[in-house]
Amino acid sequence: MPIAAGARPPYEPPFARYRMRGDAGVRAGQWERFKVMLMSPRNYYEQLAAKHSSHIDAILPCEQLVEALGPLLEPDMMVHPTKSMAFVNIRTPAINHSLNFEVIRADVISSLGTLERLRRFAMDEQVRKLVTATL
């Protein structure tokens, strides 16, 4: 029986697929080992059926990460948890991209500097250790 145009099959979490790709990578020599990790709100994991959660090696609840990152944030940084992940944000002025570049150059350079700060934060050894320790 054909599926009607626009109809989609029910959503299936991708964890089994991640496990298969990880196993294939080990067999192909791309890596020695792997773990399937889920970063999500705690209640998402708790509601997963066993056929999905059985493929997950480690869970990092967003709530735990938000709390743990607090002391490492710079004063203008904030953690913004969503349904499926958490972001560290720094508020910057909006840029009107329809203006001539010379008009917005300073704002663009400032925003690129902010992006670099976020990259350094994410790569900071203390932050990485904290994330690893919460697993």
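The values are calculated or read from the model by the stated rules, or taken from the named source; none is laboratory data. Since we're looking at a predicted model, the values are computed, not measured. Neighbour counts run over all protein chains shown; Cβ positions are idealised from the backbone, glycine included.
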Going through the range 27-37 in order, the residues found to be surrounded by 11 or more Cβ atoms within 10 Å (Cβ to Cβ) and over 18 Å from P14 (Cα atoms) are Q30
Residue count, the range 46-56, condition in a helix (DSSP H, G or I) and of a type outside the set (D, E, K, R), comes to 4
Scanning the range 106-134 residue by residue, those of a type in the set (V, I, T) and more than 24 Å from P71 (Cβ to Cβ) turn out to be V108, I109
If you go through S54, S98, S40, the only one that is more than 24 Å from E12 (Cβ to Cβ) and either over 20 Å from the mean Cα position of the chain (by Cα) or among the polar types (S, T, N, Q) (or both) is S98
Within the range 4-45, residues modelled with pLDDT of 90 or more, part of a loop (DSSP other than H, G, I, E, B), basic (K, R) and farther than 16 Å from I59 by Cβ come out as R33
Scanning the range 49-65 for residues that are in contact with a helix residue (DSSP H, G or I) (Cβ under 9 Å, 6 or more places away or on another chain) and not acidic (D, E) gives K51, H52, S53, S54, H55, I56, I59, L60, P61, C62, Q64, L65
For the range 82-105, pairs from a residue that is of a type in the set (A, V, I, L, M) to a residue that is part of a helix (DSSP H, G or I), with Cβ under 6 Å and 6 or more apart or across chains, are A86/C62; A86/L65; A86/V66; I90/T114; I95/I104; I95/D107
